[in-house]
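The values are calculated or read from the model by the stated rules, or taken from the named source; none is laboratory data. Being a predicted model, the structure only gives us computed values, none of them experimental. Every residue, glycine among them, receives a Cβ derived from its backbone with ideal geometry; neighbour counts consider all protein chains shown.
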Amino acid sequence: MTEGAWFILIMVISLAVLITISLVFIQKQKYKTIKKQIENLDKTKNIVASTPVLSELSKVESIVKNEKMEEKYKSWQNRFNTIKNDRISQINDLIIEIDLHSKEKLTKNINHKIAKAELELYKAKTSADELLNEIKEITLSEEKYRNIVIKLKAKYRELFNSFNNNKNDYEGIKDVIELQFENIEKRFQDFEIIMENNEYDEVVHIVKALDNMIDHIGIVVDEVPNLVLLAEKLLPKKIELIIETEKEMTEKGFFLGHLDIKSNMEEVSKKVNNIMDRIKVLNLEECMFELKTILDYLDSIFNEFDLEKVAKKEFETTNKEFQSKLKKLNKTVKDIMDQLDDIKNMYDLKEKDIKVMHDINEKLKYLNSDYKLLSVTLSKNEMSYSKLNIEISNLIETLIKLDDEVEISLKSLGSMYDDEQRAREQLDEIQEILNQCKSKIRSYKLPIITNNYFIELSEANEAILEIIKELGKKPIVIKTLNTRVDTARDLVLKLFNTTNDMIKTAKMTEIAIVYGNRYRSTYNSVDLGLSQAENLYYKGNYKGALEVTTNTLNTIEPGISKKIMAFYNK
């Protein structure tokens, strides 16, 4: 056999040995696990079997004093015997069977048997625990419920003392409360009787009833004084005060119909009486909430009274201001309407301008009518001052709008009058400037005045006549008048500038010729140039004459033309 074959054989044998060892180890571990589970099952079985039901039953046996308790005692005995003799015995057989199978290496279905044993143990333990708890409910009842009742008695005495020390606060219903205390006292007596007879099934109901009754009487003792104070004293006084206040305010001219005091106070009184009836039978549920709601409502009525008093002062102030402004606006509009025909004859008013004033007048009539209705309502005391303030505020808003419209119309009419006055003033100014022009021309004796000047003078005169003609028209068209004034002013100013320029040029020409005369005898060219300038001057071409003179002198005295022109331009 070759070395390779030997190697493979050795490897196969080693692998087989390893697998065998592993299987043996796994089997041992599995057996250990099963043994551990069997031990746990046996331990749990013993715990269930040793549940202290018998010791608790022996306690019950000593307190059995009635058929009902005896019947329960026998029932518990039978249930415990069933658990111990039947169910525990069956579980024990299952555990033995599992143990035998494990020793004989019969592992098939063993996990199922273990699970079944665990389930049966759980059921048995649950039944035993339930039984033990039921028995302990009786054996521990006396101690448990006596402790509870001791605390309830302490609370009861505290409440009873509080009530007795303050009986005056419970006037009218103290008899009912005392009866409730007596009922609680009887319940305590019932508790003692039940405990004496070991009727533990009933004790829980007695204790629960005592707890509820003492909680209720605690609420009664705590809340009733405040409830009675509200229902019998505070609220009736507030209702009475509201009725008196309404009467006083109505006599002073306040309208309070919107508050419907009479019927509302009757309804409130009914509700308070109904709540008081419930308090008298100690039915306090929602009583405090309802009484506080009524209290808030009554307080809101007093707040309404205060608001009306403030509203009256505001209305009186506002009404006075409104009357003053309305009177002023009525006068202004009346004056305009009375003069409207005269204004139409005086100025060229457009139909829309006239319509605006008529519309304003109509709106003002409606405003006066609305205010008259409001005044009638006030005199008849048919509306609260709060609403009157709203109404007069709306009227004031309308008045302000009308006042703005009137102001705009007045500005339009006023501007026409201002334009007319301004045109008359400007006519005087324009005529004054024209007269100045004529005076200057006459004062400076020019050899000749050109036709252009007379044309400008004629245009200026005609423009002034057009202004006078427009001012004489009825009605005056302001737009046309303003155009005529602007045209006349422009033409007169143009004439004024022409007059000044012409006189100034003529003067400068004369000065330049006189200055150049000193060179005539010396320079032939100067004599010829100045002669040409004089010729132009006497023909009325003053500007041309000045230019020839300055150019001629500039050939003899360079720069002289600039000096002359600089002096001219000053």
| message | Quick check on segment 305-332: of everything there that is of a type in the set (Ser, Thr, Tyr) and surrounded by 14 or more Cβ atoms within 10 Å (Cβ to Cβ), which residue is nearest to the chain's Cα centre (by Cα)? | response | Thr318
| request: Would you tally the residues in segment 480-506 being closer than 30 Å to Thr552 by Cβ and either without any contact (Cβ under 8 Å) to a residue 12 or more places away in the chain or not in a helix (DSSP H, G or I) (or both)? | output: 2
| said: If I ask for residues that are free of Cβ contacts under 8 Å to residues at least 12 places away in the same chain and at positive phi, which ones from segment 239-293 would you list? | reply: Asp260, Glu286
| Which numbered condition Lys238 misses (of (1) within 30 Å of Ser386 (Cβ to Cβ); (2) exposed (fewer than 13 other Cβ atoms within 10 Å of the Cβ)) | (2)
| task | Could you please let me know if Asn535 is over 28 Å from Asn435 (Cα atoms) and not in a loop (DSSP other than H, G, I, E, B)? | result | yes
| Can you tell me which residues in segment 419-433 are surrounded by 12 or more Cβ atoms within 10 Å (Cβ to Cβ) and modelled with pLDDT under 80? | Asp419, Glu420, Arg422, Ala423, Arg424, Gln426, Leu427, Ile430
| message | Is it the case, given these coordinates, that Asp277 is more than 30 Å from Ile177 (Cα to Cα) and surrounded by fewer than 16 Cβ atoms within 10 Å (Cβ to Cβ)? | response | no
| Residue pairs meeting the criteria (Cβ under 9 Å; at least 6 apart or on separate chains; first assigned by TED's automatic domain parsing to the domain that holds Leu179, in segment 150-166; second hydroxyl-bearing (Ser, Thr, Tyr) and part of a helix (DSSP H, G or I)) | Phe163/Tyr170
| query | In the list Phe255, Phe289, Phe302, which residue meets the criterion of being touching a Ser or Thr at 6+ places or on another chain (Cβ under 9 Å), surrounded by fewer than 16 Cβ atoms within 10 Å (Cβ to Cβ) and of a type in the set (Phe, Trp, Tyr)? | reply | Phe302
| Which residues, taken from segment 263-292, are within 36 Å of the chain's Cα centre (by Cα) and either assigned to a helix (DSSP H, G or I) or among the aromatic types (Phe, Trp, Tyr) (or both)? | Ser263, Asn264, Met265, Glu267, Val268, Lys271, Cys287, Met288, Phe289, Glu290, Leu291, Lys292
| said: One residue is enough: does segment 470-482 have a residue meeting the conditions modelled with pLDDT of 85 or more, at negative phi and β-branched (Val, Ile, Thr)? | reply: no
| said: Being modelled with pLDDT of 80 or more, over 39 Å from the mean Cα position of the chain (by Cα) and either within 29 Å of Val310 (Cα to Cα) or assigned to a helix (DSSP H, G or I) (or both): is that true of Lys387 here? | reply: no
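Here is a yes/no grid of residues against (1) within 22 Å of Asn212 (Cβ to Cβ); (2) modelled with pLDDT under 70:
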{"residue": "Ser127", "(1), (2)": "no, no"}
{"residue": "Leu131", "(1), (2)": "no, yes"}
{"residue": "Glu134", "(1), (2)": "no, yes"}
{"residue": "Glu142", "(1), (2)": "yes, yes"}
{"residue": "Lys151", "(1), (2)": "yes, no"}
{"residue": "Tyr156", "(1), (2)": "yes, no"}
{"residue": "Leu159", "(1), (2)": "yes, no"}
{"residue": "Ser162", "(1), (2)": "yes, no"}
{"residue": "Asn166", "(1), (2)": "no, no"}
| task | All but one of (1) modelled with pLDDT of 85 or more; (2) surrounded by 15 or more Cβ atoms within 10 Å (Cβ to Cβ) hold for Leu364, so report the exception by its number. | result | (1)
| said: So in segment 172-196, with the set limited to residues that are surrounded by 15 or more Cβ atoms within 10 Å (Cβ to Cβ) and more than 30 Å from Asn226 (Cβ to Cβ), which one is modelled with the highest pLDDT? | reply: Asp190
